[in-house]
1. Out of the residues in segment 118-161 that are among the polar types (S, T, N, Q) and in contact with a Lys or Arg (Cβ under 6 Å, 6 or more places away or on another chain), state the one that is farthest from D194 (Cα to Cα).
2. Determine which single condition V78 fails, assuming it passes every other condition in (1) of a type in the set (A, V, I, L, M, F, W, C); (2) farther than 22 Å from Y366 by Cα; (3) in contact (Cβ under 8 Å) with a residue 60 or more places away in the chain; (4) surrounded by fewer than 24 Cβ atoms within 10 Å (Cβ to Cβ).
3. What number of residues within segment 36-65 satisfy the criterion of being of a type in the set (S, T, Y), assigned to a strand (DSSP E or B) and either open to solvent by 10 Å² or more (accessible area, probe 1.4 Å) or farther than 20 Å from N208 by Cα (or both)?
4. What tally of residues in segment 302-355 results from selecting those that are open to solvent by less than 20 Å² (accessible area, probe 1.4 Å), hydrophobic (A, V, I, L, M, F, W, C) and in a strand (DSSP E or B)?
5. Which of the residues that make up segment 227-238 are hydroxyl-bearing (S, T, Y) and closer than 13 Å to P267 by Cα?
6. Is segment 238-260 home to any residue that is touching an Asp or Glu at 6+ places or on another chain (Cβ under 6 Å), crowded, with 20+ Cβ neighbours inside 10 Å and either under 30 Å from D69 (Cβ atoms) or free of Cβ contacts under 8 Å to residues at least 12 places away in the same chain (or both)?
7. Looking only at segment 86-121, count how many residues are closer than 29 Å to G329 by Cα and either of a type outside the set (A, V, I, L, M, F, W, C) or open to solvent by 10 Å² or more (accessible area, probe 1.4 Å) (or both).
Amino acid sequence: MRRAGWMGSMLGLAALSMTVHAATMAKREAFGAMPDGKPVEAVVLSNSHGLSARVIAYGASLQSLSVPDRQGRFADIVLGYASLADYLDKPQYFGATVGRYANRIAKGRFVLDGHSYQVPVNNGPNSLHGGTRGFDKVLWTIGPVSHDADKASVTLTYVSPDGDMGYPGKLSVTAVYTLDDQDQLSIEYRATTDKPTIVNLSNHAYWNLSGEGSGSVMEQRLTIAGDTYLPVDAGSIPTGEVRQVAGTPFDFREPKAIGRDIRIADPQLLNGHGYDHNWVISRKPAVAPRMVARVEDPHSGRVLTLSSAQPGLQFYSGNFLDGATVGTGGHVYRQGDAFVLEPQLYPDTPNQPAFGSARLAPGQVYRNLIVYRFTTEPAHGER
């Protein structure tokens, strides 16, 4: 009996050990090599609850993020590629840092301090996410990698030279990814310049709270903390109007399934092939991050709460995922299989003074702190 008790205790401890996760960790690992042979590293951040995020140096990109559902089962909830070769061959901004100017600039032109600039056109007649070689398509440098009792982080840096993609000024950029024991992943972007320029940085993670490759996100319920949005023309450039969301398919002030109104014959949904618009969270940046969006998945129970101090939020409903991409889990990504939420300045701000300013001068520091918090909710009727 004493031996049986001892064996039972040992088995119990063994079972317990399988459910206990290590403390926060940050670990470097190889991810591949660039065509010129330069190594591309990844850093895996993990917390004591078992959440883990892999960040790759190419594009300072969030390649995977594993979080639990309401039953404690883990899944990767961001779309990505399994290999560097796919990121190089079929770029789609998966988890990438986008800039110098996230979103669109009409005709790739803007005037700054009386000087006209032309940046590459790569989205119809317009420039998107910095042009043909934006920050998503460059190799960043991995700097400090650290962890302590309650968080793990990695700092990535990139220096964009004066004239890069037509933008003025040498821009020095940092991206700091931090995963903490409050189950929050934060990304802090900072930038400085040696002469006046424009800057707008954000992260382009594609989310599916049921797990990447699991199918449509149209039943996932979205809330956006904005009373107005920016209508766009056929090229997805804001018209200059600021329109109320009330009475339109763009009203997400209360939780609503992403797909509930997406098939309504609204001219704006036709222009964007679905949702691909900027919501006005405020008319200027806030002093500190505040909640700008929340998404609930009724099937897994996962909840994503997004906070930022930026005045705008671009919501994109995965309209151009075309079934020709195989993701990290070996599944094909099709239209509507993910959503994107990008806190940022308004699109085309350099050409629309009423939207504010994207100007960064020497001595100033651009900052965008994005915080993603992950929780779960019980199934309906189990509350």
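1. Here is the first cut: in segment 118-161, the residues among the polar types (S, T, N, Q) are 118, 122-123, 126-127, 132, 141, 146, 153, 155, 157, 160.
With in contact with a Lys or Arg (Cβ under 6 Å, 6 or more places away or on another chain) added as a condition, the list becomes 118, 126.
Numbers: Q118: 19, N126: 27 Å.
It comes out as N126.
2. Every condition holds for V78 apart from (4).
3. First, the residues of segment 36-65 that are of a type in the set (S, T, Y): 46, 48, 52, 58, 61, 64.
Within this subset, residues satisfying the condition of being assigned to a strand (DSSP E or B) are 46, 52, 58, 61, 64.
Those still in the list that are either open to solvent by 10 Å² or more (accessible area, probe 1.4 Å) or farther than 20 Å from N208 by Cα (or both) too: 46, 52, 58, 64.
Residues that pass the stated criteria total 4.
4. Result for segment 302-355: 8.
5. Kept after step one, since they are hydroxyl-bearing (S, T, Y), are these residues of segment 227-238: 228-229, 236.
Once the filter is applied, which keeps residues that are hydroxyl-bearing (S, T, Y) and closer than 13 Å to P267 by Cα, segment 227-238 yields only S236.
6. No, segment 238-260 contains no residue that is touching an Asp or Glu at 6+ places or on another chain (Cβ under 6 Å), crowded, with 20+ Cβ neighbours inside 10 Å and either under 30 Å from D69 (Cβ atoms) or free of Cβ contacts under 8 Å to residues at least 12 places away in the same chain (or both).
7. 12
Residues checked against (1) among the charged types (D, E, K, R); (2) free of Cβ contacts under 8 Å to residues at least 60 places away in the same chain:
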| position | (1), (2) |
| --- | --- |
| A265 | no, yes |
| W279 | no, yes |
| A293 | no, no |
| P311 | no, yes |
| F315 | no, no |
| E342 | yes, no |
| A361 | no, no |
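The values are calculated or read from the model by the stated rules, or taken from the named source; none is laboratory data. Here the structure is a predicted model, which means the values were calculated and not measured. A quick note on method: Cβ atoms are made from the backbone with ideal geometry, for glycine too, and the neighbour counts reach across all protein chains shown. Ligands, DNA and RNA are stripped out before the accessible areas are found, and what is left, the full protein with its side chains, is counted by its heavy atoms. Shrake-Rupley method; radii C 1.70, N 1.55, O 1.52, S 1.80 Å.
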